[in-house]
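Comments concern the structure below.
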Amino acid sequence: MSKTTAAITAVGKYLPEYILTNQILETMVDTNDEWITTRTGIKERRILKEDGKGSSFMAIKAAEDLIAKSNLDPKEIDLVIVASATPDMQAASTAAFVAYKIGATNAFSFDVDSACSSFLYGISIASSFIESGKYKKIVLIGSDKNSSMIDYEDRATCIIFGDGAGAVLFEPNEEGLGVQDEYLRTNGEGREFLQVKKGGSVYPLKKGEVFGKEEGYFVKQEGRTVFKNAVFNMADVSDRIMKRNNLSKDQVWLAAHQANKRIIDATAERMELDGSKVMVNIDKYGNTTSATLPLLLNDYENQLHKGDHIIFAAFGGGFSWGAIYLKWAYNS
Ligand code: UT7
């Protein structure tokens, strides 16, 4: 009997309309297009401007896009997972609201948060549920409203992040397509180098404290340390998983977390990949945290063929990182 694997069978996305360009950022902080482009590869990013709309708004839109494209009946969905580092609220979960709004009335749902590795870890969870035979249709959504935790007076962070969402559908596959292998890691020693300190249980919001005046409400990162760790670890796991599965450099696509074009290039170089096999859209969206990987799949869907080998790789706060090898399951 053939083993059941977990294949991605549809994708969807949502990007807010407002485009924050490098030129606009030049009017906000002491920066310039040349610095941002050469140091990060980013030209513009999308920002969800409307008050009262958060990660669930974008997640719902991305899931609805997927449902419309795939003719999926929401009632058949077994599980909705929302990967996000910017949940709607401290409680309740974003996924519960998303599942309700998309009509997934027969599903259960939960959130996954491991900073920029949230979606990657979500792939591992979704595929395990499918492989076990327990569930047949799982919608995994990566959605982040990073603008909700960015200080737009801090040039070190405001140029990097953007908002957006992407969704994928996982279904059982009997042809050996879908998720093949994974290599996932964390190291909590890295927590201090990339964090939003306040608003959680260690430093909860206090009565009378004025948001923005106090330190700790926004993303702070020690860029160089995160950069160094990202380059080493993302390249390392991607290379390992390629070798472990006897994949040659001409065979694979790299779908790497879009944090910095230089990190993506370093990973591709270590794998000796040709640039044409490296998925890149950081120039358009910046770092959308949990949404980078599904947004890549949306943008490259037309170039992918059944049986193509994709290596997903991510590195993020925590530190958290890893790589997953998947065989693409359809021609679009
Ligand atoms: O997704 C989660 C994981 N996150 C990452 O992987 C991000 C990893 N880190 C990075 O991508 C890079 O470290 C950054 C893009 C954040 C920064 O690039 P860098 O090449 O590491 O620059 P740096 O922080 O070492 O700063 C170099 C210089 C500094 O000036 P001095 O001290 O050399 O005079 C900064 O003050 O660039 C300055 N700088 C800027 N200049 C113009 C920092 N930000 C800016 C800016 N515009 N926006």
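Go through Tyr217, Tyr203, Tyr152, Tyr135 for me and flag whichever is more than 16 Å from Ser320 (Cα to Cα), within 13 Å of the ligand (Cβ to nearest atom) and of a type in the set (Ser, Thr, Tyr).
Result of the check over Tyr217, Tyr203, Tyr152, Tyr135: Tyr152.
If we scan segment 205-217, do we find a residue that is assigned to a loop (DSSP other than H, G, I, E, B), outside the structural domain of Arg45 (by TED's automatic domain parsing) and within 25 Å of Tyr300 (Cα to Cα)?
no
For segment 273-332, which positions are in a loop (DSSP other than H, G, I, E, B) and either touching a Pro at 6+ places or on another chain (Cβ under 9 Å) or of a type in the set (Phe, Trp, Tyr) (or both)?
Phe319, Trp328, Tyr330 - these are the residues of segment 273-332 that are in a loop (DSSP other than H, G, I, E, B) and either touching a Pro at 6+ places or on another chain (Cβ under 9 Å) or of a type in the set (Phe, Trp, Tyr) (or both).
Consider Phe110 carefully, then state whether it is open to solvent by 10 Å² or more (accessible area, probe 1.4 Å), away from the ligand (no atom under 16 Å from the Cβ), in contact (Cβ under 8 Å) with a residue 24 or more places away in the chain and part of a helix (DSSP H, G or I).
Judged against the criteria, Phe110 is not a match.
Would you pick out the residues in segment 1-41 that are within 9 Å of the ligand (Cβ to nearest atom), open to solvent by less than 40 Å² (accessible area, probe 1.4 Å) and under 14 Å from Asn287 (Cα atoms)?
Across segment 1-41, the qualifying residues are Ile36, Thr40.
For segment 240-270, which positions are in contact with a helix residue (DSSP H, G or I) (Cβ under 7 Å, 6 or more places away or on another chain), assigned to a helix (DSSP H, G or I) and open to solvent by 20 Å² or more (accessible area, probe 1.4 Å)?
Within segment 240-270, Lys261, Ala266, Arg270 meet the criteria.
Six or more apart or on different chains, Cβ atoms under 9 Å: show the pairs whose first residue is in segment 87-98 and modelled with pLDDT under 95 and whose second is part of a helix (DSSP H, G or I) and surrounded by fewer than 21 Cβ atoms within 10 Å (Cβ to Cβ).
none
The values are calculated or read from the model by the stated rules, or taken from the named source; none is laboratory data. Keep in mind the model is a prediction, meaning the values are calculated, not measured. Cβ sites come from the backbone with ideal geometry, for glycine too, and all protein chains shown count toward neighbours. Areas reflect the complete protein model, heavy atoms only, side chains present, ligands, DNA and RNA absent. Shrake-Rupley method; radii C 1.70, N 1.55, O 1.52, S 1.80 Å.
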